[in-house]
Amino acid sequence: MENNEYWDILVINGDLDNIMAVSSFIIDKSCGLEENDNSLRMYFKPNMQDSINQSIDKLSIKFHFTSKWEKQANEDWHLKWEKNFTPVFIKDSIVIKPNWDEEEYDVKHNIIIKPGMAFGTGHHETTTLILEKLIDIIELGDSVLDLGTGSGILSIAAKKLGASNIYALDNDNECSGNFIENMNLNNVSDVPFYCSDALVLDNYDYDVVIANINRNVLVELIPKLIYCKGKIILSGLLTTDQELVVKICNSHNFKIVDINSNSEWISILLESNV
């Protein structure tokens, strides 16, 4: 991803609920986003505009918003992160800090990352929601399935919280470079990166399953998790997705343990009753 000469940026303006809903349909194709008042900037690899525009045209029928494309040089993005990245504190237990920050913070776990995009740095609400829940539920020796791992930040957190067998997976192999960098920065040597579709695994039975993916994939994934005997955290969901996702979980006999929200985003903790 870092070898791109530039990013195509889709700028979406409108009512916050509408533009968040629009983003949920195309976020799986995006490399990250920035939110600013009633505007979103979504980053895409080059040469994806035609396929994204097809989705935008369909979504414009239902949602009221305006959009335009911009380009940004890759080096500008990284300079921006170095200038503006601030540490993220989670429940006074975890701090996520950039690799140039040498300060040791007074928390249990310092997680060091080489920032790349908004997702996977701890700054996005979905990442924060999952980290908060991992602090509550991870037990020593737990096995963890991290679906949509991206930068690997959730796998690193699980490892530092006591998990021992972590399977980290993403369908975009270009994440692997940043994933490996972040593992090395945190002296984690036993969490490999697997490039695969989250919907085609043979085994979903882990003590903790993390799925920080978009709603459309989660809708297909939920039935595949019914034989998981552990706890399942779903995120990448907007508050407007809650009714549909809860209905699907109930139809497959899952127990909804709790639902947490942060801004327009939610996480759902559930267990299978099978």
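The values are calculated or read from the model by the stated rules, or taken from the named source; none is laboratory data. As the structure is a computational prediction, the values presented were derived from the model and not from experiment. Neighbour counts are summed over all protein chains in view; Cβ atoms, including those assigned to glycine, are modelled from backbone coordinates with ideal geometry. Surface accessibility is based on the protein's heavy atoms, side chains included, excluding ligands, DNA and RNA. Shrake-Rupley method; radii C 1.70, N 1.55, O 1.52, S 1.80 Å.
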Tell me, what HN-Hα J-couplings in whole Hz come from the Karplus equation 6.51 cos²θ - 1.76 cosθ + 1.60 at θ = phi - 60° for each residue of the stretch 219-225, using x for Gly and Pro? 4, 7, 6, 3, x, 6, 9
SASA check, LYS58, accessible area w/ 1.4 Å probe, all protein chains in place, rounded to nearest 10 Å², comes out at 150 Å²
Can you sort PHE63, PHE179, PHE89 by solvent-accessible area, 1.4 Å probe, largest first? PHE89, PHE63, PHE179
With every protein chain kept in place and a 1.4 Å probe, the residues TRP69, TRP265 fall, from largest accessible area down, as TRP69, TRP265
Rounded to 5, the percent of DSSP beta bridges in the chain classed as antiparallel: 65 percent
If the cut-off is 25 Å between C-alpha atoms, which lysines fall inside it for LYS97, apart from same-chain ones fewer than 8 positions away? LYS80, LYS83, LYS108, LYS114, LYS133, LYS159, LYS160
Range of Cα positions in the stretch 198-252 per principal axis (Å), largest first: 30, 20, 18
If you take the charge dipole of the stretch 140-274 about its Cα centre, with +1 on Lys and Arg Cβ and -1 on Asp and Glu Cβ, which of LEU145, ASN171, VAL257 is farthest toward its positive end? VAL257
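About the Cα centre of the chain, how large is the charge dipole given +1 on each Lys and Arg Cβ and -1 on each Asp and Glu Cβ? Please answer in debye to the nearest 20.
On the way: 22 positive and 42 negative charges, 108 e Å.
Roughly 520 debye, rounded to the nearest 20.
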So how do TYR194, TYR206 rank on accessible area, 1.4 Å probe, biggest first, that is with the largest at the start? TYR194, TYR206
Keeping every protein chain present and rolling a 1.4 Å probe, give me the accessible area per residue for the stretch 74-228 in Å². 43 Å²
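Note down, for the chain, the three equivalent ellipsoid semi-axes (square root of 5 times each alpha carbon gyration tensor eigenvalue), biggest first, whole angstrom.
On the way: eigenvalues 149, 121, 57 Å².
Here the semi-axes work out to 27, 25, 17 Å.
Over the chain, what percent of the accessible surface lies on carbon and sulfur atoms, probe 1.4 Å? Working shown, then result.
Details: 5690 of 12720 Å².
The C+S portion of the solvent-accessible surface of the chain is 45 percent.
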What lysines does LYS224 reach when the alpha-carbon gap must be under 21 Å and sequence neighbours fewer than 8 apart in one chain are set aside? LYS247, LYS255
SASA check, HIS252, accessible area w/ 1.4 Å probe, all protein chains in place, rounded to nearest 10 Å², comes out at 60 Å²
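Once the Cβ-Cβ distance between LEU201 and ASN253 is put in as r, and R0 is 25 Å, what FRET efficiency do you end up with, to the nearest 0.05? Display every interim value, and only then the final one.
Details: r = 21 Å, r/R0 = 0.82.
Working from the Cβ atoms, E equals 0.75.
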If you count only protein heavy atoms and use a 1.4 Å probe, how large is the accessible surface of SER263, to the nearest 10 Å²? 60 Å²
